[in-house]
Amino acid sequence: MTEKITPVREKILSNIRIQRFTPGKDRSPYFDNFKMEVETGMTILEVLRHIKNTQDSSLTFRAFCRSSICGSCALRVNNKTVLACSTQLMPILKDFGKATVTITPMANLPIIRDLVVDIDPVIEKLAKMHPYLVENKDRVPETLEQESLMSQEELDAFGLMTDCILCGSCYSACSAVKADSNYAGPLTIAKAYRFSVDPRDDFRGMRFQAAMDQGLWSCVQCRKCIKVCPKDTRPADSIRDMRRISIDAGIHDSPGSRRAKAYTDDVERIGQVNKPMLPVIVHGTKGWAAIEAAEAGLRKHGMEPTRQVCSLPGQSGAAKIYAKVREIEGKKKGEKT
Amino acid sequence: MADKQYDDGYMHYAFYSGCCFQGADARFFEILEKVFDKVDIKIHLIDDAVCCGAGVIEERSELTSLAINARNMAAAEKMGLPFYTPCSTCFNVISNVQKRLGEDKKLFKQVNEILAEDDMEYKGECKITHTLWMLAQDVGLEKLKERVTNPLNGLRVASYYGCHTRNPGDIQNYESSDNPTSLEDILKVLGVEIVDYDTRNDCCGYHLVWPNNKLSLKMTGDVLKGAQKKDVDLMVTSCPLCFKNLDGLQNKAVAATGGDFQLPVLFLPELVGLACGMSPQEMKLEWHGVPVNVRL
């Protein structure tokens, strides 16, 4: 039996607070407030178009496909980066419990005008990552008639990142980019990973170098990029993966890779991370000063410092798990070769 | 939430300590126990657990991270109690593992085959929670209010969640991740005045302490600066790792960002304890890197 769906169409008289700025004309960004009735189902893009058509034709924003595939309409609503065309306003008004919503351009990028930013810095950083396939002669056939076949498992290794539409949302949300504008940002490293694990590619080493140069170990894993990605590509996971394959390829000489080794080995050995010794493990002899300072701090409070924390009861079980995983991963690697 | 096996008026939780409470931070075990006792909660240490790997183990082997954390949850399932961790990163990593295994039957099966090596089984039934929602939802604001004997009226507080109970949005379903209010709800019950500030949603940079110390300090300094500009008395965070950076590394972080100030930072359970009548000595506030020299 078919059931008739009657959507509840609510209306809320809202105040749309939009950041305005024309470089060269305005001294600094400012806000304009626009009153309008927001209806259930209305997207941010529809709201912006309505304001432009009925209230202020000078309001500037960028949009094209209206189908969340061109990636041109990314901006921030109440500080969260979203695609204007695929985000409805009503749920946001309800979530924040306010009739006012604030719309600002993407963060971490220069403003061209109002809600339009210059995306070139992201593209320039991406270009340095060699985001293209360099033929792997073992996998790519010599004639066009033959296909380069790939297993589902091989495709799954990078499949998510092929959905990236270069909208820059992750770059706008990135905590590390905010603090260090030289850092490559989530999508660029994730793209480098995507090409590096493609079996048709033979250029991995150069991408490791490019990623290391642009801050492979500067990602803080705050997971904000995963939250905002409109295509669910999970950039932060790809950054972890890029770190992993770089370590697997023998690049052990960074503080981050030494931390990864210490955490992994310590949990197998004692069930927890032996934090007292981390400064020396990560930074070499330079770390001794930090250890001694920490120990002096403990003594001040009458606590005797240790350089070896105790083994946790779960350690023996975890060690069995490590052994089994090693067996499986070893088997897998064996299958590939 | 109270489990059937206990009938003592207390809510019981399996307590996953993680490995952030080493060294000087070991004091937080005792502090958590005391504070929870004030609101009728008992925590039982999951003895048979290991460190969650903080996502770092995934940089060597994703399957290892999935398996050891499935084992951590299996240990809590054996106890028949909800899985409580005070650490936001443990919460994030373990919730993510639970989600992955819930969505991927093949992976669920594979992980259980690995766990069988240790005679363990992960059933996927375990409910994971954090201090925020234990206090705001399980205890509830009304009961918490009843237990506040020393309301901290007049104290101007900057609240700070950190990232790992909020990102990605589906990591928890206790409240909105874009506009969470549990921390502020708890703080209001304690009597303090919440002050909004620009850097409230920024990351403190804790997980860069080892890979990129300079950047980590800058991020911490920026967060503190935002709060300090609003002339707050102190900052309160629900994450013990954020606390390490915001308090323990504050002097270096403030210097790294060209500032010159000290802003006391409290770990949420400490402020709850103080509001429930415990003394600064019981909360061991003298252990803080930045002196907590405000009227409490």
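Every number in this text was worked out from the coordinates using simple rules, so none of it is lab data. It should be emphasised that the depicted structure is a prediction, and the values quoted were computed from it without experimental measurement. Every residue, glycine as well, gets a Cβ built from its backbone with ideal geometry; the counts of neighbours run over all protein chains shown.
Do you know the relative contact order of chain B, to the nearest whole percent, from alpha carbon pairs under 8 angstrom that are 6+ apart? Numbers along the way, then the final one.
Working: 502 pairs, mean separation 49.7, N = 296.
Averaging sequence separation for qualifying contacts and normalising by length gives 17 percent for chain B.
Counting only DSSP beta bridges whose two residues both lie in the protein assembly as shown, roughly 45 percent are antiparallel.
Suppose every K and R has +1 on its Cβ and every D and E has -1 on its Cβ; what is the size of the dipole of region B:93-144 about the Cα centre, in Debye to the nearest 20?
Details: 8 positive and 10 negative charges, 57 e Å.
Roughly 280 debye for region B:93-144.
Computed over region B:141-287, the Cα gyration tensor eigenvalues convert (square root of 5λ each) into semi-axes of 25, 19, 14 Å, ordered from largest to smallest. Arranged from fewest to most other beta-carbon atoms within 10 Å of their beta carbon, B:V232, A:V267, B:V56 become B:V232, B:V56, A:V267.
Histogrammed with a bin width of 10 Å, the alpha carbon distances of region B:250-296 distribute as 25, 48, 22, 6 percent, first bin at zero.
Taking neighbour Cβ counts within 10 Å as the exposure measure, how do B:V39, A:V228 sort from fewest upward?
Working: B:V39 20, A:V228 24.
Fewest-to-most ranking of B:V39, A:V228: B:V39, A:V228.
Which of the listed residues, A:M150, A:P121, A:Y132, is farthest toward the dipole's positive end in region A:76-155, when Lys, Arg count +1 and Asp, Glu count -1 at the beta-carbon? About the Cα centre, the residue reaching furthest to the positive side is A:P121. Packing order of peptides B:159-172, B:79-92, highest average first: B:79-92, B:159-172 (average count of other Cβ atoms within 10 Å over each peptide's residues). Sorted fewest first by neighbouring Cβ atoms within 10 angstrom, B:E62, B:E282, A:E147 come out as A:E147, B:E282, B:E62.
Here region B:103-126 and region A:208-283 have alpha carbon centers that stand 25 Å from each other. Considering only alpha-carbon pairs that sit under 8 angstrom and 6 or more positions apart, the relative contact order computed for region A:151-309 is 19 percent. Look at the stretch A:275-283: the mean tally of other chain Cβ atoms within 10 Å of its residues' Cβ atoms is 2.
The mean number of Cβ atoms from other chains found within 10 Å of a Cβ in peptide A:210-223 is 5, as a whole number. The angle between the Cα long axis of helix B:27-38 and the main principal axis of chain B comes to about 90°, on a 0 to 90 degree scale. Binning the C-alpha pair distances of the protein assembly as shown at 20 Å intervals from 0 yields a P(r) profile of 18, 51, 29, 2, 0 %, listed from the shortest bin outward. Inter-chain Cβ neighbour count for B:66-72, averaged per residue, equals 4 (cutoff 10 Å, partner chain atoms only).
Ranked by the mean number of other Cβ atoms within 10 Å per residue, highest first, peptides B:248-258, B:12-22, A:3-13 order as B:12-22, B:248-258, A:3-13. Pairs of alpha carbons in region A:11-117 separated by more than 15 Å make up 60% of all such pairs. Relative to the Cα centre, the charge distribution of chain B, modelled as +1 at Lys and Arg Cβ and -1 at Asp and Glu Cβ, gives a dipole magnitude of about 620 debye. In region B:63-113, the ratio of gyration radius to Kirkwood radius, Rg to Rh, stands at 0.96 when only Cα atoms are counted. Between 0 and 90 degrees, the angle of helix B:62-79 with respect to the longest Cα principal axis of chain B falls at about 90 degrees. Note on region A:265-336: Lys pairs 8 or more places apart or on different chains, Cα atoms under 30 Å apart, count 12.
Computed from point charges on the beta carbon alone (+1 for Lys and Arg, -1 for Asp and Glu), the dipole magnitude for the protein assembly as shown about its Cα centre is near 1320 Debye.
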